[in-house]
């Protein structure tokens, strides 16, 4: 027999997972802010993307030329690499999430991705992805590296040993899910980039295509494209994952195709989607939400029940299993991953 996957006893069936359509309510943080000559801006840090580095965008969305997808799972790119799917689930060294997996449709139909929609019904956006083409895709690598390079993402996915990890996902808006991600350790990508000894941070910049992503065209007040960053010790932690898929298949467009970061001990907005640039730096670079609203979004943005957000208590969260089921549960320090990452933050208040 070939290609037989033996499921260990810790394996959870899809019926036990939090439904992807339940990538539930990251209630939008609406905020009035002056940006340069722009007097008023509606801002919110959901758990999806918003991008950084100032690039002008048209005020009107580009008309859709491709047919509307039939459903949230019809947005998986037809040309996404499928080698390695479904990947073997890995649990050794990682804590059990302790919660069932969110239903797949919930996680794929309830999510934020500001590049597609950042006004109105923010979570209703999968049908806006028709024109977006995640493949082919390349990532530029620059900064404090031995040699600048350009990586082809399809080649990267094919050459990496993909694995599945079930992680808790926590939004700053105090809702959460459990997601089975497919991908590979961020550490392996960084090693491939060969940073030099001066690299202390790694900066990620997401794609900026207003002709394909109507949220970009409709929100010129944001400093697009989206930008995020990690310290090198965070990026090299075993938990940090480059996610290329979920629920045993490649990522749907609205979930960040072709790749995104999954950082389960941080709030969701710290995991950039659809990034096209890795830049290694000596100094701490700015990050999108921290730059716009530093009093509300720290550079670290670790899940911490003792550090309240001005608008949402972080002491508890609404765990979403499906689009109709959810329960209020206590928030754990570092989202339940304190044993794996706590030593990175000796100064973090832990109550």
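The values are calculated or read from the model by the stated rules, or taken from the named source; none is laboratory data. What you are looking at is a predicted structure, and each value in this text was computed from that prediction instead of being measured. In this analysis, Cβ positions are derived from the backbone assuming ideal geometry, glycine residues included, and neighbour counts consider all displayed protein chains.
Of note:
- Checking residue 216 against (1) surrounded by fewer than 24 Cβ atoms within 10 Å (Cβ to Cβ); (2) out of contact with any strand residue (DSSP E or B) (no Cβ under 9 Å at 6 or more places or on another chain), the condition it does not meet: (1)
- Among residues of region 317-334, those that are more than 14 Å from residue 100 (Cβ to Cβ) and exposed (fewer than 13 other Cβ atoms within 10 Å of the Cβ), counted: 3
- Any hit, region 194-213, residues being closer than 25 Å to residue 94 by Cβ and under 11 Å from the mean Cα position of the chain (by Cα): no
- Residue match in region 307-318 (condition: under 20 Å from residue 263 (Cα atoms), free of Cβ contacts under 8 Å to residues at least 60 places away in the same chain and part of a helix (DSSP H, G or I)): no
- Enumeration of residues in region 190-207 that are in contact with a helix residue (DSSP H, G or I) (Cβ under 8 Å, 6 or more places away or on another chain) and assigned to a strand (DSSP E or B): 195, 201, 202
- Extreme residue, surrounded by the most Cβ atoms within 10 Å (Cβ to Cβ), among residues of region 154-183 that are in a helix (DSSP H, G or I) and touching a strand residue (DSSP E or B) at 6+ places or on another chain (Cβ under 9 Å): 157
- Residue 187 being at pLDDT 95 or above, surrounded by fewer than 22 Cβ atoms within 10 Å (Cβ to Cβ) and not in a helix (DSSP H, G or I): no
- Of all residues in region 77-93, those being surrounded by fewer than 18 Cβ atoms within 10 Å (Cβ to Cβ) and out of contact with any helix residue (DSSP H, G or I) (no Cβ under 6 Å at 6 or more places or on another chain) number 10.
- Where a residue in region 193-220 is in contact (Cβ under 8 Å) with a residue 40 or more places away in the chain and at positive phi and its partner, wherever it lies, is assigned to a strand (DSSP E or B) and surrounded by fewer than 23 Cβ atoms within 10 Å (Cβ to Cβ), with Cβ under 8 Å and at least six apart: 194/145
- Filter result for residue 95 (assigned to a loop (DSSP other than H, G, I, E, B), modelled with pLDDT of 95 or more and more than 17 Å from the chain's Cα centre (by Cα)): no
- Residue in region 325-346 that is touching a helix residue (DSSP H, G or I) at 6+ places or on another chain (Cβ under 6 Å) and part of a loop (DSSP other than H, G, I, E, B) present: no
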